[in-house]
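The values are calculated or read from the model by the stated rules, or taken from the named source; none is laboratory data. Computed from a predicted model, the values in this text were never measured in an experiment. Every residue, glycine as well, gets a Cβ built from its backbone with ideal geometry; the counts of neighbours run over all protein chains shown.
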Amino acid sequence: MEKKQDSLLLGAHMSIAGGFEKSLERGESIGCTAIQIFTKSGRQWAAKKISPKEADLFLAKLKDTPIKTVVAHASYLINIGSPDNTTAKKSINALADELDRCNILNIPYLVLHPGSRLDSDENECLQRISDNLNEAMSKTSGKTMLLLETMAGQGSSIGNTFEQLAFIRSKSEFKSRVGVCLDTCHVFAAGYDFRTPALYKQMWQDFDAIIGKNHLKAIHLNDSKKELGSNVDRHEDIGKGKIGLEGFRLLINDKTLMHIPKILETPKKNGLEEDVANIKTIKDLII
């Protein structure tokens, strides 16, 4: 058991308040071996440039911690699927900037919500996302891989089916730099059940057939406040939602996913207290 826990890439989203390196210190303090951060405010367009000193502090600290993988999450404002040209252009530029910021910090993965169609046609939006993603990625030459996140299907969001993500990736001119992040709450709310061994196996067979399991690069571990197929995106503590512990037991003991960083995005009210509890819950499921 100890060997499995030692090799597990597990952690939570950490604040960068006080400096990028502080996110690593926070993660290390609760036993994370992987963390997720924003490289800027998740709810603002603009951000000051990352200075060489800030980058050096972060990279030096990273070498000095047990944290093996850092994943970044793109701003929630970015919508490369928007039918509004002004919003789309701002989103393209912001996404390119976030990829550059990740490259400066040597962060291998940037998770992106694919976009929302608003009042436009779904197929048109999928093509628009593909085109705008190509434009954004053409503006940056770094090594950071963009991960399209599976979505719950709330409102007009795109990405709640494996087919939609596969389409976007199929149209990419930068396929080697486009992967997928699976969010357990989101796929459950989108209608993918994985609460029994048979259903778990079927979900991954479908994922592999449609997207390709080799393109999976990160997992968000979140229980769901809402029912299967509800299309409502509401995260819950592990084991306290509608998914329950069995789905997470199957996932955390899946040897084919051992190399994939698993990041908690469960609700936070008391600093790191909830992260500590959820990490313990996950580790207690290891067989």
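Key figures for this structure:
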quantity: Which listed residue is exposed (fewer than 13 other Cβ atoms within 10 Å of the Cβ) and of a type in the set (Val, Ile, Thr), from Thr86, Thr69; calculated: Thr86
quantity: Number of the condition not met by Ile219 [criteria: (1) in a helix (DSSP H, G or I); (2) touching a residue at least 40 places away in the same chain (Cβ under 8 Å); (3) out of contact with any Gly (no Cβ under 8 Å at 6 or more places or on another chain)]; calculated: (1)
quantity: Neighbours by Cβ (under 9 Å, 6+ apart or cross-chain): first from region 115-137, farther than 17 Å from Ser156 by Cα and in contact (Cβ under 8 Å) with a residue 24 or more places away in the chain; second among the polar types (S, T, N, Q) and assigned to a loop (DSSP other than H, G, I, E, B); calculated: Asn132/Ser82; Leu133/Ser172; Asn134/Ser172; Met137/Ser172
quantity: Residue match in region 181-201 (condition: closer than 21 Å to Ala72 by Cβ, among the aromatic types (Phe, Trp, Tyr), surrounded by fewer than 22 Cβ atoms within 10 Å (Cβ to Cβ) and touching a helix residue (DSSP H, G or I) at 6+ places or on another chain (Cβ under 6 Å)); calculated: no
quantity: Test for Leu77: is it over 20 Å from the mean Cα position of the chain (by Cα) and of a type outside the set (D, E, K, R); calculated: no
quantity: Gly153, sole failed condition from (1) over 22 Å from Lys53 (Cα atoms); (2) crowded, with 24+ Cβ neighbours inside 10 Å; calculated: (2)
quantity: Test: residue in region 39-53 that is crowded, with 22+ Cβ neighbours inside 10 Å and aromatic (Phe, Trp, Tyr); calculated: no
quantity: Residues of region 35-58 classified as farther than 16 Å from Asp100 by Cβ and of a type outside the set (Asp, Glu), total; calculated: 8
quantity: Residues of region 233-244 that turn out to be hydrophobic (A, V, I, L, M, F, W, C) and surrounded by fewer than 17 Cβ atoms within 10 Å (Cβ to Cβ), as a count; calculated: 0
quantity: Every residue from region 258-276 that is buried (at least 16 other Cβ atoms within 10 Å of the Cβ) and touching a residue at least 40 places away in the same chain (Cβ under 8 Å); calculated: Ile260, Pro261, Lys262, Ile263, Leu264, Glu265, Thr266, Leu272, Asp275
quantity: Selection status of Phe207, under 30 Å from Lys240 (Cα atoms), among the aromatic types (Phe, Trp, Tyr), in contact with a helix residue (DSSP H, G or I) (Cβ under 9 Å, 6 or more places away or on another chain) and surrounded by fewer than 23 Cβ atoms within 10 Å (Cβ to Cβ); calculated: yes
quantity: Whichever residue in region 246-283 is charged (D, E, K, R) and assigned to a loop (DSSP other than H, G, I, E, B) and, among such residues, is nearest to Tyr109 (Cα to Cα); calculated: Glu265
quantity: 2 or more residues modelled with pLDDT of 95 or more and not small (Gly, Ala, Ser): qualifying helices (runs of 4 or more DSSP H) within region 1-80; calculated: 20-29, 52-63
quantity: Those residues of region 26-59 which are over 19 Å from the mean Cα position of the chain (by Cα) and among the hydrophobic types (A, V, I, L, M, F, W, C), in sequence order; calculated: Ile30, Trp45, Ala46, Ala47, Ile50, Ala55, Leu57, Phe58, Leu59
